[in-house]
Amino acid sequence: MNWHLTKLTAMNRAIANLSALIFMAFASAPAVHAEPTSIRCAEAYGREPYFVTYELETNRFVLETPIFGNFLRGEIVFANEERLELSLNAEGGKILLYYDRKDKIMLWPGLPASELRRSLLQHACASVTERTVLAVFRQREDTADPPDLDRKQAVDAFSLRCIGDGSPYFVTMDRLTRAVVLEIKTGRTLVGEIKSIAGPQISFTVSWLSFDPGDGVWDEQSGKLTWIGVPNDPTRPTKTQECTVTKVRSIMEFYPNLRH
């Protein structure tokens, strides 16, 4: 009888020690970085949708308005599993929004005084893949085609981190939608389009504001990006730079430079 009790006690101790080791292993494991979450909210009567991307770790969010593709930033002031309270920075103050995470409803509070003409707004939302810097993409003004919102959503996208004149810049492109966004060191963005894909080489063009379009070729095999020079313009020679392929850049990268 005593032998059985001794054996049982030893087994209990072994189980306890194993449980302690498992707990310590999980406790010492590094925290997993949570990716930003994006939602698409639709107004009633068929109006253009807007997007909200938020990070619970940093209490930040970015609102993409449907008007001219404006971007506004704000802060998460309260969060639990059922509800988010979002403080949106606006001209002259802040606007408080409420997002029901369970029913996926965005609530814009109204004002009780009817003469102010601001009624309560409730918009149905849905989870979407994380919004990226491609959200700033816009089509050429000379095109007669209506805006294509799908081109602002990453499908088969990647980003390049390149070093130019001593400072990094980023190029993000999507093989399927053919949208291109260039982030230059001044914090500004330029947009363009993929012209052709031939094996490992992707040829694209970027609008350089008042300058002639800039043509580039990304060679996935060599890891080099070549900017094609402009004939008879010594200020724009052909340049080849090494770049690193990175995960497609999030819209949250723009947060520090947005209006507040």
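Data overview
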| read-out | value |
| --- | --- |
| Chymotrypsin sites (Phe, Trp or Tyr not before Pro) lying in DSSP loop within the stretch 51-115, provided at most 12 other Cβ fall within 10 Å | Phe68 |
| Cβ-defined net charge surrounding Arg151, 10 Å radius [Lys, Arg +1; Asp, Glu -1] | -1 |
| Computed E for Lys104/Arg138 - FRET, C-beta separation, R0 35 angstrom, nearest 0.05 | 0.80 |
| Residue among Gly192, Gly229, Ile163 farthest towards the positive dipole end of the stretch 133-249, charges placed on Cβ | Ile163 |
| Arg47 paired with Lys94, simple spin-label distance in nm, labels 7 Å along Cα-to-beta-carbon | 2.4 |
| Likely footprinting exposure, Thr65, Thr235, fewest C-beta neighbours within 10 Å first | Thr235, Thr65 |
| ³J(HN,Hα) computed for each position of the stretch 71-85 - Karplus, 6.51 cos²θ - 1.76 cosθ + 1.60, integer Hz, glycine/proline x | 10, 10, 10, x, 10, 8, 9, 7, 8, 9, 5, 10, 8, 10, 10 |
| Reachable aspartates and glutamates, given that their alpha-carbon falls under 12 Å from the alpha-carbon of Lys224 and they are not under 8 places away in the same chain | Glu242 |
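Values quoted throughout were computed directly from the atomic coordinates according to the rules given, and no laboratory measurement underlies them. What you see is a predicted model, and the numbers here were worked out from it, not measured in a lab. Ideal geometry is used to build each Cβ from the backbone, glycine not excepted, and the neighbour counts take in all protein chains shown.
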